[in-house]
Amino acid sequence: MEIERIRLQEHGDDRGMLIALEQDRNVPFVIRRVYYLYATHGGVHRGMHAHRHLNQLAVAVRGSVTFLLDDGSGPVRVVLDDPSYGLHLGSMVWRELYDFSEDCVLMVLADHVYDPADYITDYAAFLREVRGPVYQEGMAACQGL
């Protein structure tokens with residue numbers, strides 16, 4: 001699966017902490033968009049989509065959030081709860097975000113500007129696209145179709 005936890009270098013002293021996010025250093029792509037989620041209500045699920053081409057780096061700058069990730073080979077859960085780690089999500093990874101702490105602020109850096117055509121919002125359609133025609137033919141044969 002094209003995901004990676006990236007340790008972000010902390011700088012600090014008795015005054016506090018600082019983490020710099022720098023393209024081609026600890027952000028493995030050109031940064032074209034930055035957004036953040038906050039004030040997410042309890043019980044809410046966000047995301048529920050995949051991107052065909054987009055790369056992202058997600059950082060829980062405050063609080064925590066759980067990611068359910070799937071590249072077509074099965075789900076993996078990742079909790080972000082430390083601002084000194086980023087989660088690099090490559091293309092064709094389904095993502096659902098949930099269990100937001102009340103104080104969660106999730107910042108996301110992306111390598112493209114917003115493009116609705118890049119989104120896959122139907123999980124079954126995502127699985128068909130990510131697994132490709134060979135997988136679909138094999139499944140049809142197994143099911144006797």
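Each reported figure results from applying straightforward, stated rules to the coordinates on display, with no laboratory input. Since this is a predicted model, take the numbers as computed values, not measurements. With ideal geometry, Cβ positions are generated from the backbone for all residues, glycine too; neighbour counts draw on all protein chains shown.
Observations on the structure shown:
- Cβ-based net charge around Tyr38, under 10 Å, with every Lys or Arg adding one and every Asp or Glu removing one: 0
- Read-out Cα Rg over 2.2 N^0.38 Å, derived from the coordinates shown; its label in (i) 1.04; (ii) 1.17; (iii) 1.65: (ii)
- For the chain, a simple Cβ point-charge model (Lys and Arg +1, Asp and Glu -1, everything else neutral) yields a dipole of about 200 debye relative to the Cα centre.
- Cα long-axis angle, helix 123-142 against the chain (0 to 90 degrees, to the nearest 10): 30
- Student exercise, segment 72-125 dipole from Lys, Arg, Asp, Glu Cβ charges, in Debye to nearest 20: 220
- Positive-pole candidate from Thr40, Val61, Gly132, dipole of the chain, charges at beta carbon: Gly132
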